[in-house]
Amino acid sequence: MGLRDSDIPGFRQLWDRTECGTVRVPLDYNRPQGRSITVAITRLKATDQARWLGSLALNPGGPGGSGYLMPIEVASMEQSAKLNERYDLIGFDPRGVGYSTKVNCPREEDPPPQPTGSVTEEQAREVYAWVVRSNQVCAATDPEFLRNLTTGAIARDLDQVRKALGEPKLNYFGVSWGSWLGPVYRNLFPGNSGRMWVDSVAPPDPRMDAFVAGRSMATARDFSRMAEWVARFDSTYGFGTTGEQVEAALAALRAEFDAHPRHFTDVDMPIDGYAIAFLSAQPSLAWPMTARVLADLRDATGPTAPESLKELIGPPPGERPPPPDGLPEQGNRSANTAIFCNGDGGARDFDSTWAAYQDRLERYPVTGVLSNFVPPCAGWPLPVERIRLHHGGGSLVLSGHRYESVSVYEWTADMRKAVGGTTFTVEDDVHGSALMEPGCVTHILRYFETGSAGARGCQGVPVPAGPDAEPRAAESAASAASAARGFATSWPGGLPAFRGVDALLGSR
């Protein structure tokens, strides 16, 4: 959680109210008397105890994301702070993460050099082989622990948290992968599930190959929205006056940068066609910023990078201030890999993944390059957890974002068909924005207070009115970067990070 100086007093006040503890749970629920581990939790008690409604567990997604400070994050935002009036907010680090028992896999070797320009089959096979070796080394670190890093086990841990709190029912709010964890908990413990709202909904069947196909389709769809927006301001950006013209211009720009990557003297990474695609696939709040960078890259002639690109990337890694001492772990890569791969029942061979990647390059000439060209779980040797969701007990709202590409909108209907509940549509493309937008969080607050959202949807993050909306985009750069990085590293994780995702957006 990024803190400005002005936020620190409020954070300290909330931290002073926060209770911390651990819950001991079985590593393997099939062997409850065997090895045990601990799950770290926090509790921010409701401020209005006279009207207390219960405990509300929070999960930020991942998998492998830390929820330890999430109660403070929720209570520190003006729009969502009211959740803490009548609910105890419960944060937790899932097993494998942060202050909970975890294992950090060693890296046997550095990854292959990042490709510049189009990825060849030879390069992809080299990456595939490295992924296989890395996954096998990771799984061998502590096989007993890692095979038990599953969504089902984490859901069972959550019920142990409920018992430790002395609650008959547990309420829940989760985002992204947290929208998979919530329904799994509800299926396993229908009588213990209270009110549940999940945002940016995951698909009910976590097959990585199907997930990548859906996400690629949604990314191309949102790129077309961006192109229509850019066309409205041709006098500023100069890519064309129709969406079709803009799409064609950016396809040509991506091809040109693939054939001739730019090596600017003041930027420590080549700017190739992948970078053009990545800039073209950002959520709408970043469109004024990324469209300006794309136009400046098109027109760049000198040895130095356009100022807009340098502003977006930020200072080189060695010049960025180090994180403060004692900062809790925000996410755990080993847990991310294990939880993904222990649940991924999709194809893991090279040939089918490479063929699907080639098909996406043809279907989506600008954004197809952003998708996985090798399966992230290749070589993972531990067994796959099979979870078949069904309609369960307890109230449930599933909020999907109509235009987002990280969690595809159609998955909301798929999840509802599998588990029931009520759908709620957010009319934006920003991953997990429902709790941060005043017009949406009002309905979340109403739901947790009354059991009814009071509406079927909300507007969400508005599309910028034009290029002059750049100050808002700059203010929201961290959110844009987070959502964009989510394309490569959030649930399910992927390999586009090989192409410099973090370097492209820097640390804001």
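The values are calculated or read from the model by the stated rules, or taken from the named source; none is laboratory data. Note that the structure is predicted; figures quoted are calculated from it, not measured. All Cβ positions, glycine included, derive from the backbone under ideal geometry; neighbour counts span all protein chains shown.
Here are some notes:
- Residues of region 184-218 that are under 18 Å from the mean Cα position of the chain (by Cα) and within 21 Å of ALA453 (Cα to Cα): TRP197, VAL198, ASP199, SER200, VAL201, ALA202.
- In the set (1) more than 25 Å from PRO365 (Cβ to Cβ); (2) surrounded by fewer than 16 Cβ atoms within 10 Å (Cβ to Cβ); (3) out of contact with any Gly (no Cβ under 7 Å at 6 or more places or on another chain); (4) not hydroxyl-bearing (Ser, Thr, Tyr), the condition left unmet by HIS260 is number (1).
- Residue tally, condition touching a residue at least 40 places away in the same chain (Cβ under 8 Å), assigned to a helix (DSSP H, G or I) and not charged (D, E, K, R), over region 97-133: 5
- Region 426-439, subset in a loop (DSSP other than H, G, I, E, B) and not small (Gly, Ala, Ser), residue modelled with the lowest pLDDT: MET436
- Members of region 185-236 that are in a loop (DSSP other than H, G, I, E, B), more than 30 Å from ASP299 (Cβ to Cβ) and of a type outside the set (Asp, Glu): PHE189, SER200, VAL201, ALA202, PRO203, PRO204, PRO206, ARG207
Okay, residues lined up against (1) without any contact (Cβ under 8 Å) to a residue 60 or more places away in the chain; (2) aliphatic (A, V, I, L, M); (3) surrounded by 15 or more Cβ atoms within 10 Å (Cβ to Cβ); (4) more than 26 Å from VAL426 (Cα to Cα):
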site: ALA220; (1), (2), (3), (4): no, yes, yes, no
site: SER280; (1), (2), (3), (4): no, no, yes, no
site: LEU285; (1), (2), (3), (4): no, yes, yes, no
site: VAL293; (1), (2), (3), (4): yes, yes, yes, yes
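- Some residue of region 440-450 being touching a residue at least 24 places away in the same chain (Cβ under 8 Å), of a type in the set (Phe, Trp, Tyr) and within 13 Å of SER200 (Cβ to Cβ): no
- Leading residue by the ranking (surrounded by the fewest Cβ atoms within 10 Å (Cβ to Cβ)) among those in region 346-387 that are hydroxyl-bearing (Ser, Thr, Tyr) and assigned to a helix (DSSP H, G or I): SER352
- Residue within region 449-456 that is buried (at least 16 other Cβ atoms within 10 Å of the Cβ) and either touching a strand residue (DSSP E or B) at 6+ places or on another chain (Cβ under 6 Å) or modelled with pLDDT of 95 or more (or both) present: yes
- Being charged (D, E, K, R), in contact (Cβ under 8 Å) with a residue 60 or more places away in the chain and either within 22 Å of SER118 (Cα to Cα) or loosely packed, with under 11 Cβ neighbours inside 10 Å (or both) is true of ASP272.
- Among residues of region 81-90, those that are out of contact with any Ser or Thr (no Cβ under 9 Å at 6 or more places or on another chain) and crowded, with 21+ Cβ neighbours inside 10 Å, counted: 1
- Residue in region 150-171 that is farthest from the chain's Cα centre (by Cα), counting only those that are over 30 Å from ALA139 (Cβ atoms), touching a residue at least 60 places away in the same chain (Cβ under 8 Å) and not in a helix (DSSP H, G or I): GLU167
So that you can scan it fast, the table gives a plain yes or no per residue for (1) under 23 Å from the mean Cα position of the chain (by Cα); (2) assigned to a strand (DSSP E or B); (3) in contact (Cβ under 8 Å) with a residue 12 or more places away in the chain:
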position	(1), (2), (3)
PRO32	no, no, no
THR38	no, yes, yes
THR47	no, no, yes
GLY62	yes, no, yes
GLN79	yes, no, yes
ARG95	yes, no, yes
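- Scan of region 323-345 for residues that are in a loop (DSSP other than H, G, I, E, B) and touching a Phe, Trp or Tyr at 6+ places or on another chain (Cβ under 9 Å), ordered by number: PRO328, GLU329, ASP344
- Screening THR442, THR423 for residues that are modelled with pLDDT of 95 or more, of a type in the set (Val, Ile, Thr), surrounded by fewer than 18 Cβ atoms within 10 Å (Cβ to Cβ) and within 22 Å of the chain's Cα centre (by Cα) leaves exactly one candidate, THR423.
- SER176 vs. criteria touching a strand residue (DSSP E or B) at 6+ places or on another chain (Cβ under 9 Å), surrounded by 24 or more Cβ atoms within 10 Å (Cβ to Cβ) and under 28 Å from PRO376 (Cβ atoms): yes
- Pairs meeting the criteria (first residue in region 9-25 and assigned to a strand (DSSP E or B), second residue basic (Lys, Arg), beta carbons under 6 Å, at least 6 apart or on different chains) are GLU19/ARG43.
- Among the residues making up region 348-391, those that are over 15 Å from GLN136 (Cα atoms), small (Gly, Ala, Ser) and at pLDDT 95 or above are SER352, ALA355, ALA356, GLY368.
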